[in-house]
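Some notes on the structure that comes next.
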Amino acid sequence: MASVHESLYFNPMMTNGVVHANVFGIKDWVTPYKIAVLVLLNEMGRTGEGAVSLMERRRLNQLLLPLLQGPDITLSKLYKLIEESCPQLANSVQIRIKLMAEGELKDMEQFFDDLTDSFSGTEPEVHKTSVVGLFLRHMILAYSKLSFSQVFKLYTALQQYFQNGEKKTVEDADMELTNREEGERKMEKEELDVSIREEEVSCSGPLSQKQAEFFLSQQASLLKNDETKALTPASLQKELNNLLKFNPDFAEAHYLSYLNNLRVQDVFSSTHSLLHYFDRLILTGAESKSNGEEGYGRSLRYAALNLAALHCRFGHYQQAELALQEAIRIAQESNDHVCLQHCLSWLYVLGQKRSDSYVLLEHSVKKAVHFGLPYLASLGIQSLVQQRAFAGKTANKLMDALKDSDLLHWKHSLSELIDISIAQKTAIWRLYGRSTMALQQAQMLLSMNSLESVNAGVQQNNTESFAVALCHLAELHAEQGCFAAASEVLKHLKERFPPNSQHAQLWMLCDQKIQFDRAMNDGKYHLADSLVTGITALNSIEGVYRKAIVLQAQNQMSEAHKLLQKLLIHCQKIRNTEMVISVLLSVAELYWRSSSPTIALPVLLQALALSKEYRLQYLASETVLNLAFAQLWRQPSRISMKPRTILQRSTAKSKSEMLFTSRPDSTTHWGRPRRGTGVRCSSGSCIRSCLLTGCP
């Protein structure tokens, strides 16, 4: 349709294929698709109330708005949409278009002359100020401005549009006849719908201003809430390039191109599109018209702020700091407190590893509340809660703070932050080792309906919060040994967040870690070693830690010890307490595997002190388990007892006490209890199954 438009329609804004002015200066122009929509509206007006039922008319009214605002679609698709709403009216529309296309030019002329009758009379069929009335008036006005040669080209395009639609309808009928079985017919129909949608998008011509704005807002909303329903990155970029070809100064198209490039982690293209967006925003004067002379400076400071956010997203912290300093300087000159608040929030993000960063964050929250910025204030509270959780504050104080932020969310209907808050609670309970509470919060988020549904049939948005909750759910099942259930959750994650989506890295890392733990449980160290590369690509710290575990299991003690010491120093520097404790437990395991349990005791006591200080209950329990085993290692007389005898004694006292087993030989794998694996006895079974059923 793009080539059809260029060849068949005279565009006063274009000469020799070059756009010389804003093509959106023309609000609407007549196309064959819009003539078909006009036929539908005319037939709806001519059809009496008794001929169409109330439910059919309601479905037709719901269909009209996307038909008027959306891009041009093929005639066969239009027939199908009308037939789903009202089969009788679909037949009338098809006959009317056929008579017009197979008739003469005067039939189209007469049709547009009859459209003006819709507004005549004391009780007109259509009100002039209604949505349908404005569309009819725009089409009549655009048609009346066409010259005779343009009218002839329009009629020729209508004939071609009708012929293509008839050919597609015949192909669809033949396809349905060949599919006898109901399941096969349903599958072919779904595939056909997808192909038609892609064809419509790729073949649609230059959009009018309203169509372009509707298309951009729809795709931006889908990218934010449900990326799987948006166009693919390549298809969306092709459509944006088509828009920018006819209107290079369309700033919103550049911004959507920036969001699209962020999906595929394209640094150069996303930076290019972001700079073009603000350049066009200044050139078109959109900001200066709404904000006076202040608009120019406002665009500059927010351009610098967005550039800082972009560099921070890709890990270019020095460039982000320079851009942020520029934004702060311009905002201070203009006395823009709102922009300064955003800059203050990003200053915390860039300097959150410093010890005094909480002071900056508290100041940011107070200022955001003072200037009436609930979104920034809530984000600040959530960041403050996260920082206090890593500092080892009690859970009741953190939940009270999150309760205050939840009040802001519900008061201002900030549905995105409601989801983030529940996902934050899930992560905090998991950090503290309370798996039951974490499971409850994850289930609560997954069972919630969003306040901002993507469309009438979707009540949940595929945002990052849902991906985080599902990943926690998979890890919780894997920790309990329910790997089949964890696989089902991961399968759902892969369907909901495809590999090319921007949140796919979350479930990729979760999947790799679960596979690693399962391979280590089964003693398949070569398989676990092959998974380390994928984990390192997604999380370098986690990858180094898992590499050290594999080396330790393969009795490469010196290499494992070097890696663990380097990782311990790095984690202490960046204050990753959870990983520090995990590394200390691995170092202690390395010592007792080297027949030095006495050296392991101070390391375990250090890990226990950190676990108690930061209230990490799961790691504290794990450390106590290792301490008991280290003490047992120092008493050979007790270790000489048979595993079943000791197990029976321990279970007779309490199922929660320590499991004693015989000293491992060179062929038996002994290791400290890793997260998601559990302690293993000499038979290779997990401690939980041993305590319940006894070792085989």
Interatomic Cα distance distribution for the range 56-104, bins of 5 angstrom, percent: 4, 20, 27, 25, 16, 6, 1
The range 61-166, accessible surface, carbon-and-sulfur percent (1.4 angstrom probe): 54 percent
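May I ask you to give the solvent-accessible area per residue for the range 83-167, in square angstrom, as obtained with a 1.4 angstrom probe? Display every interim value, and only then the final one.
On the way: 4980 Å² over 85 residues.
For the range 83-167, the solvent-accessible area averages 59 Å² per residue.
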Heads up, the range 567-607 by the C-alpha gyration tensor (a ≥ b ≥ c square roots of eigenvalues; a/c under 1.5 rounded, else a/b over b/c prolate, else oblate) looks prolate
Size of charge dipole - the range 344-430 - debye, nearest 20, with Cβ of Lys, Arg +1 and Asp, Glu -1, no other charges: 240 debye
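Which sequence of Glu125, Glu56 reflects their accessible areas, 1.4 Å probe, from the largest down?
Working: Glu125 115, Glu56 40 Å².
From most accessible down to least: Glu125, Glu56.
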Area of Thr156 that stays accessible when all protein chains are in place (1.4 Å probe, Å², to 10): 50 Å²
Relative contact order %, the range 70-155, counting alpha carbon pairs below 8 Å whose residues are six or more apart: 18 percent
If the only charges are +1 at each Lys and Arg Cβ and -1 at each Asp and Glu Cβ, what is the size of the charge dipole of the range 106-150 around the Cα centre, to the nearest 20 debye? 300 debye
Per residue, in Å², the accessible surface of the range 331-398 once ligands and nucleic acids are set aside, probe 1.4 Å: 53 Å²
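The values are calculated or read from the model by the stated rules, or taken from the named source; none is laboratory data. It should be emphasised that the depicted structure is a prediction, and the values quoted were computed from it without experimental measurement. Heads up, the Cβs are rebuilt from the backbone with ideal geometry, glycines too, and the neighbour counts pull from every protein chain shown. Keep in mind that these areas ignore ligands, DNA and RNA; they rest on the heavy atoms of the full protein, side chains included. Shrake-Rupley method; radii C 1.70, N 1.55, O 1.52, S 1.80 Å.
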